[in-house]
1. Give the peptides 706-713, 543-550 in descending order of average Cβ contacts within 10 Å, highest first.
2. In the structure shown, do any of LYS398/LYS578; LYS207/LYS574; LYS129/LYS396; LYS129/LYS445; LYS353/LYS576 have a Cα-Cα gap over 32 Å, and if so which?
3. At a Cα cut-off below 17 Å, give the aspartates and glutamates reachable from LYS704, other chains included and same-chain residues fewer than 8 away excluded.
4. Which of the three applies to the stretch 308-446, rounded, prolate or oblate, going by the alpha-carbon gyration tensor with a ≥ b ≥ c and a/c under 1.5 meaning rounded?
5. Sequence-distant or interchain residues sharing an amide H contact under 5 Å with ASP491, placed H: which?
6. Name the long-range amide H neighbours of LYS187: under 5 Å, sequence gap of 5 or more, or other chain; modelled H, no Pro or chain starts.
7. Which links in LYS687/LYS717; LYS79/LYS187; LYS717/LYS754; LYS422/LYS508 stretch past 19 Å when you go from one Cα to the other?
8. Compare the Cα positions of PRO260, TYR377, ASN358 along the charge dipole of the chain (+1 at Cβ of Lys, Arg; -1 at Cβ of Asp, Glu; about the Cα centre) and return the one farthest towards the positive end.
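Bear in mind that the values in this text are calculations on the coordinates, not laboratory data. These figures come from a predicted structure and were not determined experimentally. Cβ sites come from the backbone with ideal geometry, for glycine too, and all protein chains shown count toward neighbours.
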Amino acid sequence: MRCLIDYEKLIQNLEIVRKRLNRPLTLSEKILYSHADEPDKQSFERGKSYLRLRPDRVAMQDATAQMAVLQFISSGLPKVLCPTTIHCDHLIEAQLGGEKDMQRAKDINKEVYNFLATACAKYSIGFWKPGSGIIHQIILENYAFPGLLLIGTDSHTPNGGGLGGLCIGVGGADAVDVMANMPWEVKCPKVIGVRLLGQLNEWSSPKDIILALAGILTVQGGTGAIIEYFGPGVESISCTGMGTICNMGAEIGATTSIFPYNSRMKEYLNATKREDVAELADKYYNSRMKEYLNATKREDVAKLADKYKDILLIADEGARYDRVISINLSELEPHINGPFTPDRVHMIGQLGKEAVKNGWPTEIRVGLIGSCTNSSYEDMARAASIAQQAIDKGIKAKCEFVVTPGSNQIRATIERDGVADKLRAIGGVLLANACGPCIGQWDRKDVKNNEKNTIVCSYNRNFPGRNDGNPLTHAFVTSPELVTAMVLAGDLHFNPLTDSLTAADGSKFKLQSPHGDTLPANGFDAGVDNYQEPPQDGSSLVVDVDPKSDRLQLLEPFQSWDGQDLTDMPILMKIKGKCTTDHISPAGVWLKYRGHLDNISNNMLIGAINEENGEANNIQNTMTNQQGKVPDTARYYQSKNIPWVVIGDQNYGEGSSREHAALEPRHLGGRAIIVKSFARIHETNLKKQGLLALTFDNPDDYNKIKPSDRISLIDLKSFAPDKQIECHVKHLNGETETIKLNHTFNEAQIEWFKAGSALNAMRTYFAS
Ligand code: F3S
């Protein structure tokens with residue numbers, strides 16, 4: 001199903017909204033509001049109203065797609081009603097390298113790939129087979145365009161903002177709504193403007209912009225907001241570099257990130273009375289994006305975008321941001337962030353000392369480049385320019401060095417152009433075009449589990465255990481060129497800007513700053529065609545799910561609310577500190593159960609830290625007083641028909657869009673998650689699965705609750721938008737305290753709670 005770019009329609013919608021709001025709009029507002037369902041009726045209040053939108057496209061990766069497709073099947077619809085693709089990238093484990101790993105993955109995941117391929121053919125979904133590449137790279141290469149509104153079941157979907165699209169990570173249940181032609185709901189985001197001044201040079205790279213911003217905003221700073229970049233510095237960044245920056249907006253909790261099709265240079269030049277320069281500049285305005293569209297054989301898209309840029313694809317002059325941050329790229333130093341959180345910022349020259357001070361191992365065991373974040377042609381070419389200098393001096397990487405090409409097209413092109421050979425020549429091993437170690441799909445052999453060690457990578461996320469399942473792996477994130485330089489020294493003390501390396505002949509040499517073409521001079525080599533177009537009519541096809549399968553399980557609807565208050569609920573776990581979706585539903589070995597809700601529920605909350613004893617996956621069953629694992633304890637309560645709650649800290653559910661983190665507690669009998677604050681996608685995911693996502697009105701009330709308490713949620717019959725929920729906390733000594741809980745449910749979402757889940761509500765809607 002082709003996604004048509006109907007700019008005229010978007011502009012008509014936008015005019016309706018513009019008349020009503022009567023104020024300048026930011027770029028992201030324009031794209032969001034022009035995709036509004038009934039633009040004449042909705043309220044458009046940033047940070048307050050809920051928008052009902054009509055996205056142009058849906059994209060899903062194979063780990064999240066399984067559950068989304070299972071949910072779509074239970075909706076009973078004959079085929080998807082919005083252009084949709086599925087991308088096989090998450091289930092391929094890195095073990096021996098490219099081809100061998102790919103073949104092994106095809107064997108191990110045969111049942112799942114068959115299920116997805118058949119479901120795609122039946123329900124009219126484009127299917128990108130294993131080997132095609134990483135979802136976000138494929139989107140950038142094939143589907144993104146300026147002004148696009150895309151939702152994707154992966155938190156790094158915002159990558160497409162590098163091509164001027166609003167691409168937003170969601171849970172699978174949201175994707176099901178859109179595939180079923182229901183409007184997609186999202187709280188109208190605030191807008192944070194990031195003004196880029198100066199220009200990138202020498203060792204600084206797009207990655208440094210987002211690593212610096214992570215330090216400024218922290219992992220929560222973008223929550224509920226879209227990050228909109230603008231300013232003269234935009235021109236020094238390639239389209240794929242902008243993709244890298246937008247991709248990692250997920251690390252600061254942003255709804256998404258976007259760059260303007262035209263940079264703000266024109267406004268700046270006009271404002272400084274240099275219209276003649278602006279006119280000239282306009283001709284080449286955002287030439288990087290146009291260049292990219294042309295290079296990927298989408299000249300028609302480039303022409304259309306050019307025509308509509310002023311109206312739709314840049315912010316209005318005078319548009320207001322909720323906050324503006326300025327970054328001077330000319331002063332930006334190379335960053336390397338970590339360990340354990342992407343907002344722990346270090347300048348490259350300071351890391352060695354910091355590491356010693358904190359007891360982090362300074363020896364680098366593995367360097368990893370690529371992933372959806374940094375695997376463009378430019379990334380690989382710049383890394384290869386460092387490798388070339390090492391080759392010239394006869395040295396190799398001092399540790400393991402692995403490379404993940406983002407797509408078949410990138411792999412074929414870097415092979416053809418000799419880029420891959422340079423990386424191999426210093427010891428690099430090319431992995432499959434897939435997520436691999438970025439999502440814990442890494443059969444790592446060089447260290448034992450629980451052995452303290454350090455890795456450096458050009459990925460986006462570095463939570464404990466993310467890459468190899470080992471919580472003591474200290475992962476640092478930086479640009480691919482810096483990773484390549486660091487592996488030549490093998491130590492965190494190395495600063496390539498100032499320090500020398502020793503050549504094979506014993507002489508000392510310093511690395512020159514990296515360079516590389518942003519786009520291949522001879523165009524892209526498309527590589528092998530790994531795409532399956534759905535047939536015109538797939539209705540006669542049968543999607544089989546073996547009832548005995550341990551990988552796939554058809555879904556049973558959750559029970560609807562019985563109309564009664566939820567009283568005397570035990571606290572399954574009171575969680576201390578960071579609790580990401582990786583803590584709630586880890587990936588790695590568990591990825592294989594993403595299509596089997598009961599089996600994957602055995603990983604529920606096993607990474608979260610129990611406030612009572614500081615341990616993971618060791619809690620007290622308050623009925624039996626026995627210590628046990630979290631999933632086992634939840635299953636015990638469930639077997640006795642006892643609903644339970646979880647108490648959590650700040651930014652609960654940060655990280656990925658994985659809805660298993662919401663499905664699992666619901667499946668095992670949870671009814672409410674009460675926290676200081678939520679990450680956006682996870683909060684919506686909980687609501688979709690019929691759970692009460694609640695926040696303390698007074699965050700200090702978190703301290704009043706003991707794991708042995710009982711929780712009652714009162715007067716749920718009058719559950720309404722903007723109305724607080726009364727919570728009674730009964731302590732072990734019989735005393736009861738009353739606290740107030742907030743929520744962000746709107747009318748429609750309250751119906752999800754009552755129906756038992758959003759899917760139940762949808763099924764009722766289609767049946768009526
Ligand atoms: Fe895959 Fe890692 Fe990106 S898991 S989609 S490469 S963030």
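1. Highest mean packing first, the order is 706-713, 543-550.
2. LYS398/LYS578; LYS207/LYS574; LYS129/LYS396
3. Candidates past the 8-residue exclusion: ASP568, GLU611, GLU612, ASP649, GLU726, GLU735, GLU737.
4. Because a/c hits 1.5 or more and a/b fails to exceed b/c, the stretch 308-446 counts as oblate.
5. Excluding prolines and chain starts, which carry no amide H, the hits are ILE364.
6. Hits under the 5 Å cutoff: LEU51.
7. Where the Cα-Cα span goes over 19 Å, the pairs concerned are LYS79/LYS187; LYS422/LYS508.
8. ASN358
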